[in-house]
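A.B. asks: There's a structure below that I have some questions on.
The values are calculated or read from the model by the stated rules, or taken from the named source; none is laboratory data. Because the structure is predicted, anything quoted here is derived from the model rather than measured. These accessible areas exclude ligands, DNA and RNA; they are computed on the full protein's heavy atoms, side chains included. Shrake-Rupley method; radii C 1.70, N 1.55, O 1.52, S 1.80 Å.
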Amino acid sequence: MARHRRPGRSPPGPAIHSFSSFWSLALLLAFLWVAATTWGFAGYREAQTRAQREAVLKSLGTEGQFLFASLDTDRDLSISPEEFRPIAEKLREINRD
């Protein structure tokens, strides 16, 4: 015997599985945790680098800062061999005399 539906009544919808919503929530929380950790680590590294730069500049003194700034042409706080070449050539000239 077939059951007849009442007019105006819709069939029941699909059941929501709590298992899939649990994994969706877990995935979202994992993503947020990774994003927060990455952002926090980047901020920590930036603060650490800033403090290290300040310590280096203090240890150089005024004359050392002037000399370093004149050699560091690209302002990356390191002196590459290309940047050091002019002073090395001047030192060679002094030693030849």
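A.B. asks: Leaving out ligands, DNA and RNA, what percent of the accessible area of segment 13-85 is carbon and sulfur, probe 1.4 Å?
C.D. replies: Carbon and sulfur: 69 percent of the exposed surface of segment 13-85.
A.B. asks: From the backbone phi of segment 27-38, what are the Karplus-calculated ³J(HN,Hα) couplings (6.51 cos²θ - 1.76 cosθ + 1.60, θ = phi - 60°) in whole Hz, Gly and Pro given as x?
C.D. replies: 5, 5, 5, 5, 4, 5, 5, 5, 5, 5, 5, 5
A.B. asks: I've got another one for you. Quick one: 3J(HN,Hα) in Hz for segment 67-73, Karplus 6.51/-1.76/1.60 with θ = phi - 60°, rounded, Gly and Pro as x.
C.D. replies: Once θ is set to phi - 60°, the couplings for segment 67-73 become 5, 4, 5, 6, 8, 7, 6 Hz.
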